[in-house]
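Comments concern the structure below.
The values are calculated or read from the model by the stated rules, or taken from the named source; none is laboratory data. These numbers were taken from a predicted model, which means no experiment stands behind them. Here the Cβ is made from the backbone with ideal geometry for all residues, glycine too, and neighbour counts use every protein chain on show.
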Amino acid sequence: MLSVAVASGKVGYALFVGQRLTDWGTSRIAGVSTRVASRMMARWLVRFQPDVVITESIPTSSRKGQRSREITAAMALVARNKDDLLDVTLERVQAFPNKYDEAEALAVEFPELEPYLPKRRRLWDTESPRTILFEAVALAKLLFADPAPVMARAMG
């Protein structure tokens, strides 16, 4: 299963075999445009051969920008157009007060991510590109929590 998350100018992915995290990464290049993001998703699908792809269903109340929404939609479309692939979209629910608390909790569950923990930003700092990696992992965890209804909706 490949989980993909998008935020301002960055894309993160997390690859799971069952519930075991096997690969992960971030890409600033994929966050440049919908065309580049689509090509990157196609490469990841060839490289990782997932049977399920998770992308975010972004509600209108989200603070994510239009470009992030378009890139997410473009990547989901690439997955949706693959016949042998189940495309799942989930609305990401923030279960922690902030991204940094969430990342720390995920690093406890997935210790291999501890070296990638983003430093808490000060008000004047830009957000670490690593935060998007933890958003991708959090999306996958949503599916793990209650897979039956999500998978049933995705299968029609």
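One residue stands out in the stretch 40-66 among those that are over 15 Å from Ser3 (Cβ atoms) and surrounded by 15 or more Cβ atoms within 10 Å (Cβ to Cβ): the one that is modelled with the lowest pLDDT, namely Lys64.
In summary, strands (runs of 3 or more DSSP E) completely within the stretch 12-105 and bearing 3 or more residues that are under 19 Å from Ala140 (Cα atoms), in contact with a strand residue (DSSP E or B) (Cβ under 8 Å, 6 or more places away or on another chain) and polar (S, T, N, Q) occur at 20-27. Looking at this structure, is Lys119 in contact with a helix residue (DSSP H, G or I) (Cβ under 9 Å, 6 or more places away or on another chain) and more than 22 Å from Ile29 (Cβ to Cβ)? Judged against the criteria, Lys119 is a match. In the stretch 129-149 there is at least one residue matching the filter, namely being within 15 Å of the chain's Cα centre (by Cα), assigned to a helix (DSSP H, G or I), surrounded by fewer than 19 Cβ atoms within 10 Å (Cβ to Cβ) and touching a residue at least 40 places away in the same chain (Cβ under 8 Å). Contact map, the stretch 52-65: first residue in contact (Cβ under 8 Å) with a residue 24 or more places away in the chain and farther than 24 Å from Gln19 by Cα, second residue in a strand (DSSP E or B) and of a type in the set (A, V, I, L, M), Cβ cut-off under 7 Å, separation 6 or more or different chains; pairs are Lys64/Ala7.
Which residues, counting only those in the stretch 85-118, are among the β-branched types (Val, Ile, Thr) and over 14 Å from the mean Cα position of the chain (by Cα)? Matches in the stretch 85-118: Val108 only.
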